[in-house]
Each structure stands twice: as structure tokens, then as C-alpha cells.
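Let me begin by presenting the structure, written as C-alpha cells, before commenting on it.
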Amino acid sequence: MNRIICIFALVILSGCAASGYQQFYKPYVDVNTLPEPELIQEGQEPQVYGTDNFDRDIRILRAKKYVAIGYSSFNGGYEDTKNAQTQARRIGATIVLVNSQYTNTQTTTSTLFLPDTQTTYHSGSANAYSTYNINYGGYGSVNTNATYSGTSTTYGTKAVPITTHQRRYDQTAIYLVKINPKMKFGVFLQDLTPEMRTRNERNTGAFVDLVFEDTAAFYSNVLPGDIIISIDGVPVKNTKHTQELMAQVPTTAKSSKLVVLRNGEEKTIEVKF
């Protein structure tokens, strides 16, 4: 009986639900809209990395031209990260960052109705005494003894309370794929924040938030944190204006001169294509 109860408890705990990484997956973008995505190939396994800081590690991967295509986030019993790897393979991601944090232990009590068949054994004895008349010979008597045994079976169910304890975790996975966009310069720009304007005593310029690896800007030593203030002698106003000036650089140009503010000082950088 104890073995049966354990089996039923295991069924309750495991259930038939799909992996949380699959069930709670949400896409960020349609992979088909990305520029030259490097999707998972047949026989290739996605790489799974644990992280304690998504913002930091995603930023590192963005510089390597990886883009997040979706995420999974759920609270439940701990799941093996192989489930995240399976989901990554399903959507074509090549890298997945995972994190899990313990939240609480959940106690659940339920009732199992199990077969309850009972068999009763019984036995006894019987005694019979009789007299009879013998023609022409008078009367006689017979004393008879007998024993008996048997069984009877009743069928029913038994209610058995089952209490389970489950450790629960917040579990998150972010799926990434590498892209190969055509980048003439290779920088990701942001407008200046009010704090930057105050610190640098200027309202114009474009903040270099990210420098993509293996690009012209990367090999010319443009750094994250630089503030571009002019391109080929033309003062820039903001991010949009900077991008327009970069787009106007002739495709035949061998280089372009950027003037940047780095640590409060102006620096000229020749970006070679």
C-alpha cells in the first residue's frame, strides 16, 4: 500500500505539464526580421550560461553582435537547465542565459482515493441428531457432525491524505542569436542625458553606448562612454543627426574623422574602413 501511495504522490508532483521554459516563453522579435541571423544548425547544441546579472552579460554579448530574441520567466519547482537548452534549440537560439532564485516552499495537501478490497474468512461446525424406526426391529438413532469454511469479499475505496512540500524558484532564461548587420562605423548611440549635459557643459553630441566588436570603430579604438561632437568637421546635434552624418560618408571613403570628448578632453580619432 505504501508503495502505491508513493507512486501516486510522484504523479502529482511531476504531472504532465510542459517545461516552464517552453510554456512561459515570450518572443521579443521575429527572428526572420533580423539581419543575417546565425541560427542553430542541425547537430549543434545551444550554449547555456548561468548569470547573476542579466544587464551586464547581455551588454557583453550585444558587443559581440548577439541580440535577444525572447525570454522565459516563471515561478515553480526547480527545472534542469537542459529544459532551457531544449527551448533554445526549438526557437533557433545559439546562446541562453539562465538564472534561478529560491522564493519559498509550498505545502499542498490532497486526497487520494485508493481501492480498498477486504476479504473475510469464516468457519464453523454443525451437529445433527435423528432417530428412525426400523421395521420389525425397533428404534435407532444417528448422530452427524460436519465442519465448514469459506470467504466473503467486499469492495470499496479508501481516502488517503497526501501532503507534499515543493521548493519553488523564480526562473528566467533569455535566448540570444548572433546577427551580422552591415555596419560602417559599428557604434550604438544614445542622446546625452541631463547629467551628461551638466557634467560636460554642453547640450549637443551623441553618447557612444556600445562599440561592436570586429568593426571599424572597434579597431580604431572608439570606446563606450565617448561623446561624439563632430564628424569630418561637421558639429553633431544629437543621435539622429550623428547617424545621418555617418550615413552620408561615401562608400568609397577610406576613413572618417571623429572628434570625441573622453574624460572631459577632446580627442580626434581617425576611423579607418
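The values are calculated or read from the model by the stated rules, or taken from the named source; none is laboratory data. Values in this document were obtained by computation on a predicted structure and should not be read as measured data. Cβ sites come from the backbone with ideal geometry, for glycine too, and all protein chains shown count toward neighbours.
Structural remarks
- Unmet criterion (only one of (1) surrounded by fewer than 16 Cβ atoms within 10 Å (Cβ to Cβ); (2) at pLDDT 95 or above; (3) at positive phi; (4) of a type outside the set (Phe, Trp, Tyr)) for Gly43: (2)
- Taking region 157-273 as the region of interest, the helices (runs of 4 or more DSSP H) fully inside it that hold 1 or more residues being surrounded by 14 or more Cβ atoms within 10 Å (Cβ to Cβ) and among the polar types (S, T, N, Q) are 194-200, 239-247.
- Hits in region 147-181 (condition: over 31 Å from the mean Cα position of the chain (by Cα) and touching a residue at least 60 places away in the same chain (Cβ under 8 Å)): Val160
Residue by residue, here is whether (1) assigned by TED's automatic domain parsing to the domain that holds Gly225; (2) among the polar types (S, T, N, Q) holds:
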| residue | (1), (2) |
| --- | --- |
| Ser149 | no, yes |
| Arg167 | no, no |
| Gln171 | no, yes |
| Ile174 | no, no |
| Glu195 | yes, no |
| Arg202 | yes, no |
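- All told, Asp57 falls short of being modelled with pLDDT of 90 or more, surrounded by fewer than 16 Cβ atoms within 10 Å (Cβ to Cβ) and under 29 Å from Pro224 (Cα atoms).
- Candidates Thr251, Thr204, Thr198, Thr268 - the one that is over 20 Å from Arg59 (Cβ atoms), at pLDDT below 95 and of a type in the set (Ser, Thr, Tyr): Thr251
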